[in-house]
Amino acid sequence: MRDLFGYRFRPAIALGLLAIGLQACSGTPFGQSLQQSFERPENGTGPTSPTTPTPAPPVTPPTSPSPTPPESSDRFTDLDQIPAALRSQVEELLELGVLDTPGDRQGRFDPNQPIDRGTFARWLLAVNNRFFEDDPGRQIRLAIADSPPVYTDVPSSNPNFIAIQSLAEAGTLPSRLSGDTAATRFQPAAPLTRADLLLWKVPLDHRQPLPTATPEKLASSWGFQDASSLDPRLQRVLLADDDNGAQSVVRRVFGFTQLFQPRKAVTRAEAAAALWYIGFQGEGQSAAQVLRSQQTPPATPTPPTPAPANPPARPPAQP
């Protein structure tokens, strides 16, 4: 390049003269304008701060939701209050998971509290149909939800309507359907009595006409001191229960007693123990048997040996 005097200057000398000019013009408007033009980033001469790359946020691997632990079958905290003679039967029935217990008991089974009639009807239907789920002839068919109620105090809105209606339609509960015209009310919230327990449960055990009973027969079989005061149908039920031997409801649940006390309330533990077995003289099912059948894996069938695709040809007969 040439300066005004016609001499060729090198770039370094030109830059030096330019710097001297800038220094000389510093403080003047022209010098400030010239200085700013050289410091603009677009000219590439101003100081630039190195751009620090923004680090990417760390990638957090997706986490699988923690599985909700299943509800334990042993979810009650007061099972130690069950009478020793009934404990194994009640615990096996609870382990089977067939008793539909309300969730508002806060982890309590309340084994020694009275059970109401509606709850026992629900238990009775559920246990019978679970024990005989592979035997349709011994199951109780469920009533239709919009069936006309059998009892005036058990409308279709009652939580136990299906169970009570089903048992009544099957003839297990006394009602106008079974010819008892006085049984128009069921009283689902009333305590279950010993008489109720036997009248509802024993027909499911026996499943045939009840034997003819007299106070004398009942006295000779059970020796109840209050046998003469018992209802005639209850006498027949008790006589049939005596024929059930060791699986009798009275023997398993109440033990030795010379007083039946038909109006005495049944506890929840006694009700569950009564349902531990359903059947007559060994032809039935217990909660223990159903539990064992659940825990036994099904046998794996042995696959048949396949036949050869091309059986060997028979050699030709020799002449």
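The values are calculated or read from the model by the stated rules, or taken from the named source; none is laboratory data. The shown structure was predicted, so the numbers you read here are calculated from the model rather than taken from an experiment. Here Cβ is always computed from backbone atoms with ideal geometry, including for glycine, and neighbour counts include all displayed protein chains. For accessibility, only protein heavy atoms count, side chains too; no ligands or nucleic acids. Shrake-Rupley method; radii C 1.70, N 1.55, O 1.52, S 1.80 Å.
Structure above, values below:
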quantity	calculated
Per-region count, region 194-205, residues surrounded by fewer than 21 Cβ atoms within 10 Å (Cβ to Cβ) and free of Cβ contacts under 8 Å to residues at least 60 places away in the same chain	2
Options L199, L218; residue that is among the aliphatic types (A, V, I, L, M) and at pLDDT below 95	L218
Residue in region 206-213 that is of a type in the set (S, T, N, Q), closer than 25 Å to N129 by Cα and either modelled with pLDDT of 95 or more or open to solvent by less than 20 Å² (accessible area, probe 1.4 Å) (or both) present	no
Scope region 118-141; condition open to solvent by 20 Å² or more (accessible area, probe 1.4 Å) and assigned to a helix (DSSP H, G or I); matching residues	R122, A126, N129, R130, P136, G137, R138
Test set (1) surrounded by 19 or more Cβ atoms within 10 Å (Cβ to Cβ); (2) hydrophobic (A, V, I, L, M, F, W, C); (3) within 37 Å of the chain's Cα centre (by Cα) - F224 fails condition number	(3)
Residue that is open to solvent by 60 Å² or more (accessible area, probe 1.4 Å), assigned to a helix (DSSP H, G or I) and not basic (K, R), where the choices are L177, L239	L177
Verdict on A219 being in contact with an Asp or Glu (Cβ under 8 Å, 6 or more places away or on another chain), more than 19 Å from T119 (Cβ to Cβ) and outside any loop (DSSP other than H, G, I, E, B)	no
Residues within region 268-283 that are of a type outside the set (A, V, I, L, M) and open to solvent by less than 30 Å² (accessible area, probe 1.4 Å), tallied	3
Matching residues in region 78-110 - criterion: being open to solvent by 100 Å² or more (accessible area, probe 1.4 Å) and at pLDDT 90 or above	D80, Q81
Qualifying residues in region 142-159 (those that are surrounded by fewer than 20 Cβ atoms within 10 Å (Cβ to Cβ) and in contact (Cβ under 8 Å) with a residue 24 or more places away in the chain) - the one nearest to the chain's Cα centre (by Cα)	P159
Test: R176 is closer than 21 Å to V202 by Cα, in contact with a helix residue (DSSP H, G or I) (Cβ under 8 Å, 6 or more places away or on another chain) and either without any contact (Cβ under 8 Å) to a residue 40 or more places away in the chain or among the basic types (K, R) (or both)	no
Conditions (1) within 30 Å of the chain's Cα centre (by Cα); (2) open to solvent by less than 20 Å² (accessible area, probe 1.4 Å); number of the one not met by P191	(2)
